[in-house]
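> Please see the structure below; I have some questions.
The values are calculated or read from the model by the stated rules, or taken from the named source; none is laboratory data. As the structure is a prediction and not an experimental result, all values here were calculated from the model. Positions of Cβ are generated from backbone atoms using ideal geometry, with glycine treated the same way; all protein chains shown enter the neighbour counts. Heavy atoms of the whole protein, side chains included, go into the accessibility calculation; ligands, DNA and RNA do not. Shrake-Rupley method; radii C 1.70, N 1.55, O 1.52, S 1.80 Å.
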Amino acid sequence: MRERGLEAEARWRVLVSEQEESGKSVAAFCRERDVPASQMFSWKKRFREAASAKFVEVAMKPALAATSAVAVRGGGIEVRLRGGRSLVVEPGFDAGHLRALLAVLDTSPEGEA
C-alpha cells in the first residue's frame, strides 16, 4: 500500500473507532466531523472483512473414531478411512495436499472417490 494509502487507513481506523465508541449513529457522527457517511460505511466494511478473513473456524472430528494409522513398509504411514478406504503417506509428504485430499474424501459419499 502506498504511503498516502497507509495514512488514509490509519485516519479512518481512528475515525471508525471513535464513531463506535461515541454511541452515535454514523450519520450524526459524520455530520459533526464533516466526513462523508458513505466513506465511513465503506471503511467500516473494509475493516470488518479484513478482521474476519484472518481466522476460520475449524471443527475437528475425534481422530480415533474416524480414522486409524499404522506403519507400513518403506517408512510410510497407512491411514485407514471409513468405508474400507486407505491412504499411504510417505515421508516428505506435502501436509497441505494431504489435508485437501482428506477434506475431499470426508465430504464425498462412501463408495465415491
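> Identify the residue in segment 1-12 that is at pLDDT below 90 and open to solvent by 60 Å² or more (accessible area, probe 1.4 Å) and, among all such residues, is nearest to VAL35 (Cα to Cα).
For segment 1-12, the residue satisfying everything is GLU7.
> Looking at segment 1-19 only, could you name the residues that are of a type in the set (Lys, Arg) and either assigned to a loop (DSSP other than H, G, I, E, B) or in contact with a His (Cβ under 7 Å, 6 or more places away or on another chain) (or both)?
Answer for segment 1-19, where residues must be of a type in the set (Lys, Arg) and either assigned to a loop (DSSP other than H, G, I, E, B) or in contact with a His (Cβ under 7 Å, 6 or more places away or on another chain) (or both): just ARG2.
> Something else about it: Name every residue in segment 16-37 that is under 27 Å from the mean Cα position of the chain (by Cα) and surrounded by 12 or more Cβ atoms within 10 Å (Cβ to Cβ), in order of residue number.
Selection gives VAL16, GLU20.
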